[in-house]
Structure formats: C-alpha cells, structure tokens
Amino acid sequence: MKSIFLSKFGGFTPILAQAAGGTSLTSAASSALGIVMLIGFIFGTICVVSGGFAIRRGDADSGKLSIIGGLIIAGAPVIVKALFTAFGIGSSAIDVGSFQ
C-alpha cells in the first residue's frame, strides 16, 4: 500500500503560494496591508456611525469616545504614512499606501 501511494504521488510537486504568479514578498505584504486597511476603514466607519447613534440616544460620553476611536481606526494608515514620512522612511520597501 505504501509503495503504491509513493509511486502514484512520486512525481507530485507542491505549488507554493509564494511561487505562484511570480509575486515577491514585498508585494504580498503590501497586499496584506491593503486588506487590513480596508477592514479597518469599514470597522472605523461603523464605530463612527454607532457613536452618532449613541449621542442621539443621549449617551454623549460614550458616543464621543466611539467617534474619536472610529476616526483613529479608519485613519490609521494615513497616520502611519505621515509618521513614516516625518521620520524619513517614507520610501520603505513595504508601502502602506493604496490598495489596488
């Protein structure tokens, strides 16, 4: 049984995710950062909207904190990009810019 299994799959070569399509590590990391940015933007927008609803219900303190937190979450990529540029590492290998 073992010899049949080895002879049947002996010529099998696994396809690695890094080798497929010729992508490099930096472009894969940039794509992953883009996906994280999209999820963070959606979550931050939801926090801002829920903060607005909390203020409408009369819970002003919780609403203000939710709005501020949502703005920070949604704007985190812009904040990080500004910090990278301010400290002189704006042209790093992995860019936190746009996701395409």
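What follows is calculated from the coordinates using simple rules that are stated; it is not laboratory data. Because the structure is a prediction, the values reported are computed rather than measured. We place every Cβ from the backbone using ideal geometry, glycine too, and count neighbours over all the protein chains shown.
Odds and ends about this structure:
- Pairwise label distance in nanometres, Ile89 with Leu71, each label 7 Å out on the Cα-Cβ vector: 2.7 nm
- Cβ-defined net charge surrounding Gly51, 14 Å radius [Lys, Arg +1; Asp, Glu -1]: +1
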